[in-house]
Amino acid sequence: MLKNYLKIGWRNLWKNKTSSFINIFGLTLGISVCVAILIFVQYESSFDAYHGKSAETFRVVQHTNFPNETLYWNTTAYPLAEALRNDFPEIDLVTQISGPVSRVFKVQDDVGNENLFEEPQVLFVDPYYPKTFDVKWLAGDKNTALNEMNSVVLTEILAQKYFGISKGAYQSILGKTVLLQSKDPLTITGVVENPPGNSDHQYKMLVPYEFFKVNNTYFSSNWSGNYQGTTFVVLNHPQAGKKLEAKIDNWKKKYLNTQDDKRISYQLQPLKEIHNETLYGPSPGVT
């Protein structure tokens, strides 16, 4: 019976070749488009979801109200992170980053040749960064690698680019030195995997935030300016954000001048919403 059905179906398809081709092509195209859309949506929804604390992590964003408009910033004043860490014990983690920015490095190879490299994705991070976000370490100790101001953590792509080493040999470059802007020596204390494509934090090098802070004292201590600092907080529950926002709204007058206190408000944006959010624009360094 089934064999007869197949024969009849084949004869009908062959008899009406043009219409059969159009129908089959249309069905195939429709299924292909649906599959492509599904894959795209799944990928876009996966950004930063791989972090173990993604559900409890929030970016602090800033609303600045003027008489004729409100500006929405995905960066905040640099001193905010430390103040939150000191004044709100209910926040599990606070991490501060700056960048990514472009910097020039001088690297000496094993035969003594010096090479200059311009790196566009240098990210300044504090020691709380690897405790907040999942970074896979290939060499070095994540608990101490960013503690010293003049240290640096390379991604594997830079470790290979600078020293020509292969996978598995990253331990051999720990303790070597690179020169930032050809003058500031930074000791390599770690090597990490390249950030995955579905991460909004794209970087090739991690430099301690303390180095940035010491070399940019005006920016790092100024509450009135909004430069390129980003603060993230990890709460003990995903639903604790609104309660904390209300407390921050009353607390900020402790640090902001009267005018800024009236016009600035801080909001907590869930990490999972950052990639597809259009109100605050792309994160620094994200294209």
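The values are calculated or read from the model by the stated rules, or taken from the named source; none is laboratory data. These numbers were taken from a predicted model, which means no experiment stands behind them. Neighbour counts run over all protein chains shown; Cβ positions are idealised from the backbone, glycine included.
Residue under question is PHE117, and the condition is that it be surrounded by 13 or more Cβ atoms within 10 Å (Cβ to Cβ), in contact with a Phe, Trp or Tyr (Cβ under 7 Å, 6 or more places away or on another chain) and among the aromatic types (Phe, Trp, Tyr); does it hold? So PHE117 passes the test. Taking (1) out of contact with any Leu (no Cβ under 6 Å at 6 or more places or on another chain); (2) at pLDDT 90 or above; (3) closer than 24 Å to LEU123 by Cα in turn, TYR50 satisfies each apart from (2).
Return yes or no: is ASN143 part of a loop (DSSP other than H, G, I, E, B) and among the polar types (S, T, N, Q)? Here the answer is yes, as ASN143 does meet what is asked. The single condition among (1) buried (at least 20 other Cβ atoms within 10 Å of the Cβ); (2) more than 20 Å from the chain's Cα centre (by Cα); (3) of a type in the set (Phe, Trp, Tyr) that TYR78 does not meet is (2). Does LYS131 fit the bill of being in contact with a Pro (Cβ under 6 Å, 6 or more places away or on another chain) and charged (D, E, K, R)? For LYS131, the condition - in contact with a Pro (Cβ under 6 Å, 6 or more places away or on another chain) and charged (D, E, K, R) - is not met.
Just one of (1) in a strand (DSSP E or B); (2) without any contact (Cβ under 8 Å) to a residue 40 or more places away in the chain; (3) closer than 21 Å to HIS201 by Cβ fails for GLU82. It is (1). Contact annotation: residue pairs with Cβ atoms under 6 Å, 6 or more positions apart or on different chains, pairing a residue in the stretch 229-245 that is more than 20 Å from PRO79 (Cα to Cα) with a partner that is in a helix (DSSP H, G or I) and modelled with pLDDT under 90, are PRO238/ALA55.
Pairing each residue of the stretch 264-287 that is farther than 27 Å from LYS254 by Cβ and at pLDDT 75 or above with any residue that is among the charged types (D, E, K, R) and surrounded by fewer than 18 Cβ atoms within 10 Å (Cβ to Cβ), provided the two are 6+ apart or on different chains, yields C-beta distances under 9 Å for ILE274/ASP200; HIS275/GLU44; HIS275/ASP200; ASN276/GLU44. Would you mind stating whether THR144 is modelled with pLDDT of 90 or more, over 23 Å from VAL101 (Cβ atoms) and β-branched (Val, Ile, Thr)? Against the criterion (modelled with pLDDT of 90 or more, over 23 Å from VAL101 (Cβ atoms) and β-branched (Val, Ile, Thr)), THR144 qualifies.
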